[in-house]
């Protein structure tokens, strides 16, 4: 991470709270924007709120309430299960509209868009269709925007499929494996 920051990367993501806190305790990385991209259990919400600028995995009303009532502010993205895989988390695509309607009443909650992960496959049509789905859900949600709920960010695309994600409108990419290599644990 030090080499990445020294090379000019100003956004760093982590998908495990404890790993991130250990890294941030060792190196403060002043001036970077910290993204939490993993599934967030509500019992670890305060740690996330105190140490990150972005949460890419908002997917429950319980977590939305915790964030909205916190003294800490964090930018959120709603995670959508666009792959259809049961091992991936996120709101089901058909439930996104209702979820947004339910969280609109939480003024302390700052939502900026959607996040989704395509299936890990070589089938580029399947990957592209997942990203098209996320973009279309985002476009449909713009009619539900409020002062604190906006849909201008699309976090989609990882090391293996980021080019397709860019073609389909990604504004944020998660390419840690491409930069840092595969996780050893």
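Look at residue 121 and say whether it is assigned to a helix (DSSP H, G or I), modelled with pLDDT under 95 and surrounded by fewer than 16 Cβ atoms within 10 Å (Cβ to Cβ). Break it down stepwise before answering.
Numbers: assigned to a helix (DSSP H, G or I): no; modelled with pLDDT under 95: yes; surrounded by fewer than 16 Cβ atoms within 10 Å (Cβ to Cβ): yes.
No.
Can you pull out the residues in segment 137-162 that are exposed (fewer than 13 other Cβ atoms within 10 Å of the Cβ) and at pLDDT 95 or above? It would help to see each step written out before you state the result.
If we filter segment 137-162 for residues that are exposed (fewer than 13 other Cβ atoms within 10 Å of the Cβ), which is where we start, we get 139, 142-143, 147, 152.
Residues satisfying the conditions are 139, 142, 143, 152.
For segment 144-164: of the residues being closer than 22 Å to residue 7 by Cβ and in a helix (DSSP H, G or I), which is farthest from the chain's Cα centre (by Cα)?
My answer is 163.
Quick one: which residue in 79, 105, 94, 85 is modelled with pLDDT of 95 or more and outside any helix (DSSP H, G or I)? Steps first, please.
Values: 105 fails: modelled with pLDDT of 95 or more; 94 fails: outside any helix (DSSP H, G or I); 85 fails: modelled with pLDDT of 95 or more.
After ruling out the rest, the residue left standing is 79.
Just give me the residues in segment 69-99 being over 21 Å from residue 158 (Cβ atoms) and under 17 Å from the mean Cα position of the chain (by Cα), in sequence order. Let's see the steps before the verdict.
Pass one, segment 69-99, residues over 21 Å from residue 158 (Cβ atoms): 69-74, 94-95, 97-99.
Within segment 69-99, 73, 74, 99 meet the criteria.
Out of segment 44-72, which residues are closer than 25 Å to residue 98 by Cβ, exposed (fewer than 14 other Cβ atoms within 10 Å of the Cβ) and without any contact (Cβ under 8 Å) to a residue 40 or more places away in the chain?
Correct list: 62, 69.
Tell me yes or no: at least one residue of segment 108-116 is out of contact with any helix residue (DSSP H, G or I) (no Cβ under 9 Å at 6 or more places or on another chain) and either over 20 Å from residue 165 (Cβ atoms) or outside any loop (DSSP other than H, G, I, E, B) (or both). Outline the logic, then answer.
Step one: filter segment 108-116 for residues out of contact with any helix residue (DSSP H, G or I) (no Cβ under 9 Å at 6 or more places or on another chain), giving 112.
If we keep only those that are either over 20 Å from residue 165 (Cβ atoms) or outside any loop (DSSP other than H, G, I, E, B) (or both) too, we end up with 112.
Within segment 108-116 (the criterion being out of contact with any helix residue (DSSP H, G or I) (no Cβ under 9 Å at 6 or more places or on another chain) and either over 20 Å from residue 165 (Cβ atoms) or outside any loop (DSSP other than H, G, I, E, B) (or both)), the answer is yes, since at least one residue qualifies.
The values are calculated or read from the model by the stated rules, or taken from the named source; none is laboratory data. All figures in this text were calculated on a predicted structure; none of them were measured in a lab. Counting neighbours? That spans all protein chains shown, and the Cβs are built from the backbone with ideal geometry, glycine included.
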